[in-house]
Each structure stands twice: as C-alpha cells, then as structure tokens.
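Structure record follows, encoded as structure tokens.
The values are calculated or read from the model by the stated rules, or taken from the named source; none is laboratory data. In this text, all values refer to a predicted model and were calculated from it rather than measured experimentally. No Cβ is skipped: glycine too gets one built from the backbone with ideal geometry, and neighbour counts run over all protein chains shown.
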Amino acid sequence: MQTFIEDLITKNNYQATHLLAVLRAVQAQYHHIPKAAIEQIAKLLLIPRTQIIGVIEFYSFFHLTPRGQYELLISDSITDHMLGKHEMTAYIEQKLNVKLGEVRTDGLVSFDNTSCTGLCDQGPAALINGYALPHLTPAKIDQMADLINQQLPVSAWPKVLFDVKDNVIKSSLLLAHCIQPGEALHTAFKRGLKETLKEIDMSGLRGRGGAGFKTATKWQYCSEEKTDEHIVVCNADEGEPGTFKDRVLLNAYAHHVFEGMTLCAAIIGAKKGFLYLRGEYLHLYDQLNAILADRHKLGLLGQHILGADVDVDFDIEICLGAGAYICGEESALIESLEGKMGVPRNRPPYPVTQGYLGKPTVVNNVETFMAAAKIAVNGGEWFAAMGTEKSKGTKILSICGDCDNPGIYEVTFGASIQSILDDCGAKDVLGIQIGGPSGTFISNTELARKIAFEDLATGGSFIIFNNTRNILDIVNNFTHFFAHESCGFCTPCRVGTSLLKNQLDKIVNGHGSAGDVVALEELCQLVKTQSHCGLGQTAANPILTTLERYPELYQAQLKKISYEPGFDLDAALETARRLANRDDAAAHLTQVEEG
Amino acid sequence: MTNKIRVATTSLAGCFGCHMSFLDIDERILELAEVVVFDRSPITDIEHCSTDCDIGLIEGGVCNSENVHTLREFRKSCKILVAVGACAINGGLPAMRNFIPLEECLNEAYINGIGVENAQIPNDPELPLLLDKVRPIHEVVKVDYFLPGCPPSADVFWKFLTDLIAGREPSLPYELVHYD
Amino acid sequence: MAKTIMIDGLSIPFEEGQTIMQAATDAGVYIPHLCHHPEFSPHGSCKLCTVKVNGRNCSACTFPAMEGQEVINNAKDLNADRQKITQMLFVEGNHFCPSCEKTGNCQLQAVAYHLNMLDDHFPLFYQHREVDASHADLLIDHNRCIFCTLCVRASHEHDGKEVFAISGRGINKHLIVNSESGLLKDTDVSAKDKAAHICPTGAILIKHTAYQVPIGERIYDHQQIDQVSLNSEQVDHDK
C-alpha cells in the first residue's frame, strides 16, 4: 500500500487540492480508506489528518470501514422507486445474499442506497464500483451475481450492462446543429472578444443551473478583477433528483461545453479551468479526457490557442466528485475542488471576486457554457429571438416519470407545461415536480403555467406523476433526501432537515394528531428562512408546495385526537418485557389512551 | 369550596425535589390555600385525580409504563398540564441512562453487579416495566406550560400560579429562568 | 463624516471592512450569537445572529456593514426564530444542565435564558455520543458540542495547532481531534491553549476546576449575556 500511495501522490503532484482524487483512488483500490493510508497521505500532502477524515466522512463514496470488493449502490430517487427499485432491491438482497446497508460476510460485496444517479429515464439504476448500471432487471441481476461470484473485475464485465442511452428526443437551438470544434473560438477571435461578450450579453443568456444570473454580467465582473489568475469552472455536479441533461450533453456535446469554457477563459483571461464532474458520471471520465487530448492536438487548448492575436493559454482539468449533492452549490463546489468538505462559503465575497484558492472564478452550468459557445457562432440575436422577454432562448429538460417517452427535450422558454406533457406523451397526470425536489410541485390544474425564470424556473428536472402515485410518498422521498444531503454547517438545516424528516414520517406513518401539520409548517418556514444556503432554503419546498395544494391529504393522515407520541410506546417496552419474561396485559401500552 | 381552583401534582421519574421547592413558598401557601384546593398529590395522599382538575403539575420524566398511565390520567383530568423541572422537560438526570442500553442497565443492577445475590431480573406483574429510554413528558402527552429548573425555585411556582390564578398569561422574568 | 447603518432605528457608525456584528458591538448593540468570537475569523454557522438587512436575512457576524443598510435585530419574529434555533441545538445534543459543571457559565444556556426559552419544543434526537476523558488536563464531552468550531479556529488561528476539526455530514457531524488514536491525550493540545478555554458550552472542559465557583455565583446567574458579551467583546474589538 505504501508504494501505491507514494505513486498516487506523485501522480497528483503533491497537491492537497487533489485530495478527492487521491481518496477516490484509494477507495477504488482498497474499498475503504485504511488508517495507515490516512497517516501517509497526511504526511505527503502536508495536511492535518483531520482534514482527510473530515473529507472521508463528508462524501458518501468514501468509507473508513471496508466495503465489499464490489460496491453496489442502488439509486434511491423517486423515479427509481416508480420503476421498481423496491422489487430490484429485494431481488438483489436475495440473489447476492446481502442486505441493504450491509457488507456480505465474505467481504466480496456490499449493498447500499445512493442518491439519484442521473439515470432517471432508464431506472431503476445502480452503480457498481462507481460505474453506472442503467435499467436493472432480474435477468441483469442474475448476470451480475454470476460475474461477482466469478470475481471478474468490473472492467471486464460485458459492455451491454453499462449501456447508458442519451434519449435526445426534442432538439432546438442548442441540440439541433452541432458546431465544429474550434468554430466558436474562431468566430469569437475574428469578431473580437469584447464584441463576443456583447453578443452573449445581447442574447440574454442566464445561468442554466436554475438561479438564472446573467452570464455576460458574471463574466464581465470576473474579468474586471485585477489579477492575472482567473479561473473557469464548469459545474457538472448534476445532483438534483430527476436531472440528467448534463450527462447527455457531456456524452454527446462535450466539444461544445469545452469550447464554451475556453471562450469564457479567453474573455475573462483565465489560464486554468475545471470540469467538476459528479462522481456518479465516472463512466464519462475517460472519454472526456480523450476529448480534451483531442482539443490539445487541434490547438484548442494549451498554449497560444488557435494562434490568435490575443494570447490565450488555457487548460481544463476534470475533477470527480464523491457523492455529495451540496457540491452543486457553487461555493461548496469550489471548496471541494480545493480538496475539502463541500461546505458552502459565506457570501460576500462571491466566487467572481474570490473563488478557487481565492482567485476570481466563473462558475457556470454545463448547458450555459454550451449555449455561450453556440451564441459565439450564431450571434446574440439568434438566441434572443426565441423565448420570453425575461427568459431568452431554450431550456433543456430532463423529462422522466410517468410518460411514454422519457428523455431530453429542448423546449423554448415560455412553453406551457401542457405542451411539454403532450410532447412526451404524459396521460392522466396528477402533478409535476418542476426543478427537482428543491423546485415546485404543481398540480394538474396548473398546466397552463410556463417554463421560464419568471414563472417556473428549473435547472432541468421535470418529473411527471400520474394519478396512481401517492403524493406523500413523493414528498417523503424528497424530504429524506435533503436530510441525507444537508452538509450540516448551519443549525437550521443540519437539525431542521432531520426534524422535518422525523415530523413528516410521524404524519405519513399515521401517528400524527391535531397539531402536527401546523408544527410541520412552522418548522418548514424556519428551515426555509434561516438556512445558510440554497439547500436548506429549498429543503422544505416539497412539503410547502404540496401542503399548499393538497392540505386535505395531510389532514387526512391525522388522528382525531389532540396528541399522539412520535415514537412507538409499546415497542419501547420490548426489551424490558423480554428480560422480565413477561407478556401480561400490564406489560403492554397502547399508543394512545383508549376510551 | 367548590369555587376553588383544583390543583393536582405528581412525581414521575423525579426526586420530589420540585415538590420540596414548591413547599418552599413557605407561608405564602396559606395565601394560596385561600384560592386553591389540592387534589391528587403526595401532599394530600389522594390516589386518583378528580375529573375536573384545573391545573396538573408534573415533576419527573417518563421512565416506565406506570408513568405513562399516571401522565395520561393527569392529561385527561386536568385542563392545564404543566411540566415542572428539568426531568419533566428533557428527561433530566434519569435520562442519562439513555446512553446505556436498557439490557446493560438491568444486567448490571440485577445480574452482574457487585454483591448481587439470587441474580434475577424482577418479573413480578405488579412492577411496571421500564421504557427503553427516559422521555420528557411532552413526547407522550400534550403539555401546556413548562417551568424549568432543577428544581424551579419557589418563586417560579409562585409567579406561575399567581399569574394563572389572576387570569394573566404566565411569564417568567429573566432571574427566574434557570435550567440548573 | 463616518459611515452609518441603521439598526432598529438607531444610527450606528462603522468603519470600512467591519461586519454588522462588529459595528453593532462597538456601538453597544447586542446581537445574539454563539459561533462568533471577535478574536477569530467569523464562521456564520449557528445562525443566531441572523438579522434582516434591507428585508433580507443575513448573518450579522459575516455580512459586511454597508452605508445605508436598514437592519432589524431586536424584533419579535427574529427572536422567536432564534429561540427555535437554540432549541434545535438543545435537542440535537444531550444537554443536562443540572449535571454539567459549565452550568451558569455556559453561553448556550445563557442565550437560551436571554431568549426566555422554557422548553426544548422539538423531540430529542437521543444521539449516542462519547466522552473523551483521556487527557490529563482536559476532557471533551461530545454530548454538549454545538459545532460552533471556535475550538477549531482558536487552535488554528491562535495556538498555531490543528487540534480540533469537524467531520461528517448533516446530523452526523461531530468533533474530531488530531491524533492517530483519535484520542485527546495523543494530540499536542495543552490546557494553556486558547482552544481549551473557548468552548461556549461544556463540551471542552479543564479538569480539576469544576466547582471552584459555586453554582449561583457564576457569570450568568445574575447578569444577562447581552451585557457580559458587550463588556468583553467591545474590548476585544478595540485591540
């Protein structure tokens, strides 16, 4: 192990910022991070061991205790549930002889839940040693069980198991016509970088991650920072349940994305760029690096790009995440890039003035960079001609859930929800979760509403539920998700998301009484208004948006009594009953007083 | 007599310290007795609450099945239920056993402890069974008011009861709020 | 002319670079806080110091004072939220004041008194947490840690050490110490460290000093935390 780690650290140039990459490699090799490894890494990277332990315990994909040689994680998103996650879980438990959350006694395989893997249009999905397994079926599980028992390395497994589909169904401005590698840069250099920024400004392009900050303004602010070191970061930590468009863009349109990043670098004067790729998209890592190598060969990366009059030197490095939704928040992502726990920073300062290692940094979504590249080629007018007054252009949606054709749909901003439902063949609709759990649940009476920053903003997640679905199940899944993903930095979110989970469980499980929904709503408001970052501020949205629309559903769960304990009273006597060997009437308690 | 306010009190998993502190109102108890009559309480030896109690004061947390029954009786019989003292409010000192599994606690006390003879965990049906955790009372029934302190001082009782009796919303000034 | 902000209708002067908390403290306005300490870089995690700045919630300890800000601090709704946040801290850990030697000197308790908190409101989490009494002079009772990171910052910024850190995520967050064994005795901590004396609760205690000052004669037994805090922190800011 000692040599393995020495080589690893050498390969990572003794950079503490590469801690996640180092730990990913150790985890992959030893299926946990051994104590001795922590000591050695601390010495070589000159960081306290506590930083390493902190990072290990922060990210879901790192472990202090051994996992199986085959680490199987099943996606626990609502769309996986709808596609048979529970049945597949039971089948895996039986077939692989391992319980969810456990390591098999022979140490060969471990099995656990993981947050949404971004395969919502082809679930139920899983990860095996980090690699995506779409569309689980009993037949595939049989096959996997054989492969595991033969101890065949995952790299030698049949490719068909890992066949992730793009499912691009509706194309428009961004997806319809590919630009050639270098085309955007050529045009931009010819037009002039200042003029190109003006085109982007004129296009009205706003950040596609969901928050919608104007892209040209962000680039302008960053370029005005007086330093010779600016940074470009592409946020590909697509963790919002129900979103998978960045996976498709990086699989089929990676040149466009890298072109957009390089364009940004030229405009703001950056030499260094990062693509922060969520760990769940490990399957894209090698091919993306190959594309970067191609772009180097084409003179589109590296020194003096395209021999332009302005000297542009730019390189892109791909950094993999390790299972933490919070890293989609830009300042948490930057912390993660620096090799730390993904804890959102205090703002101000904003990343455009002090980002990665304190340097002015532009962080944009995958789709934003792609759009910028296409705008550089086609001009601002081309883009601004579509969409609404406040939301120009198109939005790429990841459509999943109850519809005939889940997949990628590029819709014009201002498109009505009804038109989108018609496009994807959704019938008997109960409601739609727009923008993922952190967004809004709308009911089937609101289908005239529009996809736009001024109405329903979304980072791309669009989950459809038909009338066979139970709203409280959906809300419960989302609320558990936030409690699991809270970084724990601030009190209202750290404690509040877990309290929300417990309080909602009490109601959903039928133990709620008169005051419990009021208490739930009060808690929602507290978490929403007092939390540090977007995660906490939106964590109560699933409850709040459904409580607003379906108050009767919550009320129906409540008992007509003034109070019921939030824990199982009779079960609390179980140990004492067993030890006293009693089972008489007095050895039991009813949950609420009778009579 | 019938116009007097009926007050019931009890101690669950507590030490009766709160009751002692209540009695520290000293001669003010005579003033109180003008308007209050004590129902079920250790100081009256009445075993069960009348159905029309006005105020129930509960000391101690919930550690066993008997506590649950008593607490329910109080909740049912009292218009206003008050959690009195640290134990009723968050389990207090008895709740410090929560971090040792109940089985270990019982084994240590009745089986493996030093000097234990006739090692056996008591199983008489007359004895209430222990809950796996000691709980604050508001996790078992709805509670209307909380008087913190270990114990709350006599002045806390006095201030609270006189407020309530006078029809004021009870409030405790800074000097009276203590958790120790 | 000095720049000013308005806090609850009072005009408060500030110097460029000051946070709202610093400006308020210097002007004798108390904003409740637990993770803030004037000697260390602000953290902004406890959220007790949340104030409304031009209508928006901001942490006073991290948010810069800027000309023209209208700040609401001592308002009923903000104090109600602060009380709830304090209650969250109480139910998250295991806080048994009667058995804690920090009682009366504890800032968590004092803030709760100040906010007239009478109960825990939320259900307890019953988290199982350990006590590390391995060190000769110090002990950590993890039951009482509120993740303010003051010990982390004091050790790093003042003592020039890295004795403490926060690890884990969400409700599983916990304090760890920098030694191979994971025990305090094997770290380079000393009872003379600032980090050993900075804990606002009873999570990090100096051994053998517990009851030198009897209960009833302690800091917050007769003085409210707003006064205590302003008295000590105004001086610190002036340094």
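Okay, residues lined up against (1) among the aliphatic types (A, V, I, L, M); (2) in contact (Cβ under 8 Å) with a residue 12 or more places away in the chain:
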| position | (1), (2) |
| --- | --- |
| B:ILE43 | yes, yes |
| B:CYS53 | no, yes |
| B:GLY61 | no, yes |
| B:GLU73 | no, yes |
| B:LEU81 | yes, yes |
| B:ALA88 | yes, yes |
| B:LEU102 | yes, yes |
| B:GLY113 | no, no |
Query raised in the report: Which condition breaks for B:TYR145 when tested against (1) facing another protein chain (nearest Cβ under 10 Å); (2) out of contact with any strand residue (DSSP E or B) (no Cβ under 6 Å at 6 or more places or on another chain); (3) not aliphatic (A, V, I, L, M)?
Result: (2)
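Listed residues A:ILE52, A:ILE74; which is in contact with a Pro (Cβ under 8 Å, 6 or more places away or on another chain), outside the structural domain of A:THR243 (by TED's automatic domain parsing) and buried (at least 22 other Cβ atoms within 10 Å of the Cβ)?
On the way: A:ILE52 fails: in contact with a Pro (Cβ under 8 Å, 6 or more places away or on another chain).
Criteria check complete, one pass: A:ILE74.
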Query raised in the report: Which of the residues that make up the range B:126-173 are assigned to a loop (DSSP other than H, G, I, E, B) and small (Gly, Ala, Ser)?
Result: B:GLY149, B:SER153, B:ALA166, B:GLY167, B:SER171
Query raised in the report: Of all residues in the range A:12-36, which are under 27 Å from A:PHE489 (Cβ atoms) and in a helix (DSSP H, G or I)?
Result: A:ALA16, A:THR17, A:HIS18, A:LEU19, A:LEU20, A:ALA21, A:VAL22, A:LEU23, A:ARG24, A:VAL26, A:GLN27, A:LYS35
Report task. Looking for whichever is within 22 Å of A:ILE53 (Cα to Cα) and within 11 Å of chain A (Cβ to nearest Cβ) here; the options are C:GLY160, C:GLY168. Which one fits? Result -> C:GLY168
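Residues of the range A:439-472 being among the small types (Gly, Ala, Ser), surrounded by fewer than 24 Cβ atoms within 10 Å (Cβ to Cβ) and in contact (Cβ under 8 Å) with a residue 60 or more places away in the chain, which ones?
Narrowing the range A:439-472 to residues among the small types (Gly, Ala, Ser): A:439, A:443, A:448, A:452, A:457, A:459-461.
Next cut, surrounded by fewer than 24 Cβ atoms within 10 Å (Cβ to Cβ) only: A:443, A:448, A:452, A:457.
Once the filter is applied, which keeps residues that are among the small types (Gly, Ala, Ser), surrounded by fewer than 24 Cβ atoms within 10 Å (Cβ to Cβ) and in contact (Cβ under 8 Å) with a residue 60 or more places away in the chain, the range A:439-472 yields A:SER443, A:ALA452, A:ALA457.
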Query raised in the report: Looking at (1) out of contact with any Lys or Arg (no Cβ under 8 Å at 6 or more places or on another chain); (2) touching a residue at least 24 places away in the same chain (Cβ under 8 Å); (3) assigned to a loop (DSSP other than H, G, I, E, B); (4) more than 12 Å from every other protein chain (Cβ to nearest Cβ), which is the one condition that is false for C:GLY216?
Result: (4)
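Residues checked against (1) in contact (Cβ under 8 Å) with a residue 40 or more places away in the chain; (2) surrounded by 17 or more Cβ atoms within 10 Å (Cβ to Cβ); (3) of a type in the set (Asp, Glu); (4) part of a loop (DSSP other than H, G, I, E, B):
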residue	(1), (2), (3), (4)
A:LYS165	yes, no, no, yes
A:LEU173	yes, yes, no, yes
A:LEU185	yes, yes, no, no
A:THR196	yes, yes, no, no
A:GLU199	yes, yes, yes, no
A:LYS226	no, no, no, yes
A:ASN235	yes, yes, no, no
Query raised in the report: If you check every pair at least six apart or on different chains, which have Cβ atoms under 8 Å apart with a residue in the range C:84-107 that is more than 10 Å from chain B (Cβ to nearest Cβ) first and a residue that is in a helix (DSSP H, G or I) and aromatic (Phe, Trp, Tyr) second?
Result: C:ASN105/C:TYR220
Query raised in the report: Of the numbered conditions (1) closer than 18 Å to A:PRO66 by Cβ; (2) modelled with pLDDT of 95 or more, A:THR10 satisfies every one except a single condition; which is it?
Result: (1)
Query raised in the report: Does the range A:149-160 contain at least one residue that is at pLDDT 95 or above, part of a strand (DSSP E or B) and among the charged types (D, E, K, R)?
Result: no
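Of the residues B:ASN98, B:ASN90, B:ASN123, only one is out of contact with any helix residue (DSSP H, G or I) (no Cβ under 8 Å at 6 or more places or on another chain) and either among the hydrophobic types (A, V, I, L, M, F, W, C) or facing another protein chain (nearest Cβ under 9 Å) (or both); which?
Working: B:ASN90 fails: out of contact with any helix residue (DSSP H, G or I) (no Cβ under 8 Å at 6 or more places or on another chain); B:ASN123 fails: out of contact with any helix residue (DSSP H, G or I) (no Cβ under 8 Å at 6 or more places or on another chain).
None of the others qualify; the one that does is B:ASN98.
Can you find a residue in the range B:59-79 that is assigned to a loop (DSSP other than H, G, I, E, B), more than 12 Å from chain A (Cβ to nearest Cβ), at negative phi and touching a Phe, Trp or Tyr at 6+ places or on another chain (Cβ under 8 Å)?
Within the range B:59-79, none of the residues are assigned to a loop (DSSP other than H, G, I, E, B), more than 12 Å from chain A (Cβ to nearest Cβ), at negative phi and touching a Phe, Trp or Tyr at 6+ places or on another chain (Cβ under 8 Å).
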Report summary line: When the range A:324-342 is checked residue by residue, the ones that are in contact with a helix residue (DSSP H, G or I) (Cβ under 8 Å, 6 or more places away or on another chain) and surrounded by 24 or more Cβ atoms within 10 Å (Cβ to Cβ) are A:ALA324, A:TYR325, A:ILE326, A:CYS327, A:GLU329, A:ALA332, A:LEU333, A:ILE334, A:SER336, A:LEU337, A:MET341, A:GLY342
Report task. Determine if the range A:370-387 includes at least one residue that is touching a strand residue (DSSP E or B) at 6+ places or on another chain (Cβ under 9 Å) and either at positive phi or within 14 Å of chain C (Cβ to nearest Cβ) (or both). Result -> yes
**Report entry** the range A:334-382, subset acidic (Asp, Glu) and touching a residue at least 24 places away in the same chain (Cβ under 8 Å), residue nearest to A:ARG247 (Cα to Cα)
**Finding:** A:GLU367
**Report entry** Condition met for A:ALA37 (crowded, with 21+ Cβ neighbours inside 10 Å and closer than 29 Å to C:VAL163 by Cα)
**Finding:** yes
Report summary line: Residue count, the range A:363-415, condition assigned to a loop (DSSP other than H, G, I, E, B), of a type in the set (A, V, I, L, M) and under 22 Å from A:LYS190 (Cα atoms), comes to 0
Report task. Output the number of the condition that C:ARG129 fails; it satisfies all remaining conditions of (1) crowded, with 23+ Cβ neighbours inside 10 Å; (2) within 11 Å of chain B (Cβ to nearest Cβ). Result -> (1)
Query - Criterion (at positive phi, within 20 Å of the chain's Cα centre (by Cα) and surrounded by fewer than 22 Cβ atoms within 10 Å (Cβ to Cβ)) met by exactly one of C:GLY160, C:GLY170, C:GLY182 - result: C:GLY170
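One line per residue, one yes/no per condition, for (1) in contact with a Cys (Cβ under 9 Å, 6 or more places away or on another chain); (2) not aliphatic (A, V, I, L, M):
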| position | (1), (2) |
| --- | --- |
| B:PHE38 | no, yes |
| B:ILE43 | no, no |
| B:ILE46 | no, no |
| B:GLU59 | yes, yes |
| B:ASN64 | no, yes |
| B:LEU71 | no, no |
| B:SER77 | yes, yes |
| B:LEU81 | no, no |
**Report entry** Residues being more than 10 Å from chain C (Cβ to nearest Cβ) and crowded, with 21+ Cβ neighbours inside 10 Å - total across the range B:157-180
**Finding:** 3
Requested in this report: Name the residue, out of B:PHE99, B:PHE146, that is under 27 Å from C:ILE215 (Cβ atoms) and surrounded by fewer than 16 Cβ atoms within 10 Å (Cβ to Cβ).
Outcome: B:PHE99
Query raised in the report: Out of (1) within 13 Å of chain A (Cβ to nearest Cβ); (2) within 30 Å of A:ALA572 (Cβ to Cβ); (3) in contact (Cβ under 8 Å) with a residue 40 or more places away in the chain, what's the single condition that is false for C:PRO123?
Result: (3)
Query raised in the report: So, in the range C:54-83, of the ones that are part of a strand (DSSP E or B) and more than 12 Å from chain A (Cβ to nearest Cβ), which residue ends up surrounded by the most Cβ atoms within 10 Å (Cβ to Cβ)?
Result: C:VAL71
Requested in this report: Check every one of the helices (runs of 4 or more DSSP H) wholly within the range A:509-558 and list those with 2 or more residues that are within 12 Å of another protein chain (Cβ to nearest Cβ) and either closer than 26 Å to C:GLN83 by Cβ or modelled with pLDDT under 95 (or both).
Outcome: A:516-530, A:534-538
